[in-house]
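Encoded as structure tokens, the structure appears first; notes follow it.
The values are calculated or read from the model by the stated rules, or taken from the named source; none is laboratory data. Keep in mind that what you see is a predicted model, and the values were worked out from it rather than measured. As a convention, Cβ positions derive from the backbone with ideal geometry for all residues, glycine included, and neighbour counts pool all protein chains shown. Side chains are part of the model used for accessible areas, which takes the heavy atoms of the whole protein and leaves out ligands, DNA and RNA. Shrake-Rupley method; radii C 1.70, N 1.55, O 1.52, S 1.80 Å.
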Amino acid sequence: MGALANPIVSVVAWSGELYAGGSFTSSNGLALNNVARFDGANWQPLLTGCDGPVYSLRAYPDGLYAAGWFTYADTVEANGLARWDGLQWNRVFNLPDITPVQQTNAINDMFFFQDELYIGGKFVGLNDMNNIAKYDGTQWIKVGTGQGLLGTFAGVNRFAEHNGKLYIAGSFADYPPYGNIQNPGNGVVAWDGQNWYDLDGGTSLSSNAAVFSIEW
């Protein structure tokens with residue numbers, strides 16, 4: 001069985017097959033480029049893959065969604081978010097490059113919540129789309145009334161849904177020196193589509209407030 005070179009960070013089953021995403025480049029000499037399908041014996045490429053790391057794979061009825069720090073999925077300019085339909089890669093809601101400084105959107109995870117698509121990562125975006133944004137059915141917009149999640153090392157790592165709320169884990173805080181008082185909490189917060197919940201202070205006052213994974 002062929003092994004993948006370099007780390008795998010996300011594994012998911014979709015359409016009866018196993019898919020992996022990460023920062024790997026090949027298996028047994030076969031170029032894979034950060035995303036691959038396992039056929040029961042060997043890893044297979046998804047066309048030419050992605051030109052940067054894939055940090056999250058999410059399976060939905062209309063396809064396998066890949067989020068990461070890449071610009072292209074095969075020849076499709078995806079800006080960190082792409083959908084695999086079994087045959088080819090597709091753009092997702094025409095996500096633009098929302099970062100005025102970075103070369104690409106650095107997206108760590110994506111999630112459909114209340115029929116809207118959320119993305120989270122480490123990006124300082126246009127129109128207050130800082131480290132978190134959503135597609136409302138018409139356009140990409142900020143989440144909530146503030147300026148996203150702010151701070152020197154701020155970022156969103158993972159989404160999870162439970163009892164009608166979207167839970168957001170990441171590296172953000174509402175206290176100095178690296179946090180921002182406008183943030184709704186520390187390390188992990190919840191969002192119901194209208195309001196933030198700080199979950200009893202989260203990881204407040206820890207030396208590193210970052211949370212990298214969340215499961216129910």
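Being in a loop (DSSP other than H, G, I, E, B), open to solvent by less than 50 Å² (accessible area, probe 1.4 Å) and in contact with a strand residue (DSSP E or B) (Cβ under 8 Å, 6 or more places away or on another chain) is true of ILE98. Residues in region 62-72 that are open to solvent by 10 Å² or more (accessible area, probe 1.4 Å) and hydrophobic (A, V, I, L, M, F, W, C): TRP69 only. Among the numbered conditions (1) over 25 Å from ASN127 (Cα atoms); (2) among the polar types (S, T, N, Q); (3) in contact (Cβ under 8 Å) with a residue 40 or more places away in the chain, the only one that ASN34 does not meet is (3). As for region 128-135, it holds no residue that is outside any loop (DSSP other than H, G, I, E, B), basic (Lys, Arg), on the phi < 0 side of the Ramachandran plot and surrounded by fewer than 23 Cβ atoms within 10 Å (Cβ to Cβ).
Which residue is least open to solvent (accessible area, probe 1.4 Å), if the candidates are limited to region 73-88 and must be on the phi < 0 side of the Ramachandran plot and in a loop (DSSP other than H, G, I, E, B)? Per the stated criteria, the residue is ALA78. Run down ALA169, ALA154, ALA190 and say which single residue is of a type in the set (A, V, I, L, M, F, W, C) and part of a loop (DSSP other than H, G, I, E, B). Criteria check complete, one pass: ALA154. Every test in (1) in contact (Cβ under 8 Å) with a residue 60 or more places away in the chain; (2) open to solvent by less than 60 Å² (accessible area, probe 1.4 Å) is passed by ASN186 save one, and that test is (1).
Which of the residues belonging to region 124-147 are without any contact (Cβ under 8 Å) to a residue 40 or more places away in the chain and of a type in the set (A, V, I, L, M)? Within region 124-147, VAL124, LEU126, MET129, ILE132, ALA133, ILE141 qualify.
Keeping to region 189-216, report how many residues are more than 26 Å from PHE112 (Cβ to Cβ) and open to solvent by 60 Å² or more (accessible area, probe 1.4 Å). The total comes to 4.
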